[in-house]
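Report on the structure given below.
The values are calculated or read from the model by the stated rules, or taken from the named source; none is laboratory data. Note that this is a predicted model, so its numbers are computed, not measured. Please note: Cβ atoms are built from the backbone with ideal geometry, for glycine as well, and neighbour counts cover all protein chains shown. These area figures cover heavy atoms from the full protein model, side chains too; ligands, DNA and RNA do not enter into them. Shrake-Rupley method; radii C 1.70, N 1.55, O 1.52, S 1.80 Å.
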Amino acid sequence: MEYRRLHPWDITPAKARRLQERLRSQLIFANPSPRVRSVAGADAAYDGGKSYGAVVVFSYPELEILEQSLAVREDSFPYIPGLLSFREGPVLLDCFSALGSEPDLLIFDGQGVAHPRGFGLASHLGLLLDRPAIGCAKHRLCGRAGEPGKARGSWTPLLDPEGRASGCALRTRDNVRPVFISPGHKITLEQCRKIILAACAGFRLPEPLRRAHGAASAAADGKAKAVEARSAYSPRKRSSNC
DNA sequence: GCGACAG
DNA sequence: ATCTTGTCGC
């Protein structure tokens, strides 16, 4: 699928923050998509100075794999809290570009609007791909949330310093740590909770993210092991001695 | 200055 | 994210 080239990626952290503040006004938090028939999960893994991305598309609500794509590229931006999309965005967009279909909804391993400038990974890529997007993180970046009830489905609002609910802490499995959900683009928090719960097939994380994570890390250490094996079987050169 | 801090 | 073994529990 195509995506909008709204800005360059090789910019400084200061300019990246300015860009987030400029683009956040373009986000939409309404019009929950009528009929969601496919959901994609995207994640990245790292190894040896390279980023490995994976996107796995599932049918919804059946949750059967429809398609998936992988991508690799050189790291070009470090991990800086609040600027995750500048590190993972490029390789994930490579994955979406290689996709043959256009998923109805996207799920990212990170925040949506529950972000210091209201423009987390899910908001950023949702905007560029012009698709409803949900941020589903394992930890919160900012804001505060009470402890949800112990049962699957219970949740508490994730409140920003002003007391506004930017997302929620959602229990996706009985007695298991909650995940932090927040709308990225073109979706409401209510719809996010519904979709995420329906996409969790017995695990803490939604299936699309679990599979994307597995594919990305497999690609990452798969290449690492291939390199190790190669050096073991065909020594670059024999060191004279010490 | 101090504490927080997605992946 | 990544470095890492066993171990408690359904």
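Does the range A:47-56 contain at least one residue that is out of contact with any Lys or Arg (no Cβ under 9 Å at 6 or more places or on another chain), polar (S, T, N, Q) and closer than 16 Å to A:ASP109 by Cα?
no
Within the range A:166-199, work out how many residues are open to solvent by 10 Å² or more (accessible area, probe 1.4 Å) and more than 15 Å from the chain's Cα centre (by Cα).
The number of residues fulfilling the criteria is 16.
What are the residue pairs meeting all of these: first residue in the range A:124-147, first residue closer than 15 Å to A:ALA42 by Cα, second residue within 16 Å of DNA strand C (Cβ to nearest atom) and of a type in the set (Asp, Glu), Cβ atoms under 8 Å, and 6 or more apart or on different chains?
Going by the 8 Å Cβ cut-off, the qualifying pairs are A:CYS136/A:ASP109; A:ALA137/A:ASP109; A:LYS138/A:ASP109.
Out of (1) in a helix (DSSP H, G or I); (2) open to solvent by 20 Å² or more (accessible area, probe 1.4 Å), the odd one out for A:HIS124 is which?
For A:HIS124, the failing item is (2).
Assess whether A:VAL113 counts as being open to solvent by less than 10 Å² (accessible area, probe 1.4 Å) and more than 16 Å from DNA strand C (Cβ to nearest atom).
Criteria not met by A:VAL113.
Among the residues of the range A:70-102, what is the count of those that are free of Cβ contacts under 8 Å to residues at least 60 places away in the same chain and open to solvent by 10 Å² or more (accessible area, probe 1.4 Å)?
12
Does any residue in the range A:6-30 that is open to solvent by less than 70 Å² (accessible area, probe 1.4 Å) come within less than 6 Å, Cβ to Cβ, of a residue that is among the small types (Gly, Ala, Ser) six or more places away or on a different chain, and which pairs are these?
Taking only residues 6 or more apart or on different chains, the pairs are A:LEU27/A:SER123.
Just wondering, is there one or more residues in the range A:62-69 that are among the aliphatic types (A, V, I, L, M), within 15 Å of DNA strand C (Cβ to nearest atom) and either touching a residue at least 24 places away in the same chain (Cβ under 8 Å) or surrounded by fewer than 23 Cβ atoms within 10 Å (Cβ to Cβ) (or both)?
No.
Among A:LEU93, A:LEU141, A:LEU106, which is the only one that is more than 18 Å from A:LYS15 (Cβ to Cβ) and in a strand (DSSP E or B)?
Result: A:LEU106 is the single residue among A:LEU93, A:LEU141, A:LEU106 that is more than 18 Å from A:LYS15 (Cβ to Cβ) and in a strand (DSSP E or B).
Would you point out the residue of the range A:124-139, among those that are closer than 14 Å to A:TYR3 by Cβ and in contact with a helix residue (DSSP H, G or I) (Cβ under 8 Å, 6 or more places away or on another chain), that is nearest to DNA strand B (Cβ to nearest atom)?
Taking the candidates together, the pick is A:HIS124.
Return only the number of the condition from (1) over 30 Å from A:LEU70 (Cβ atoms); (2) part of a helix (DSSP H, G or I); (3) not polar (S, T, N, Q) that A:PRO161 does not satisfy.
(2)
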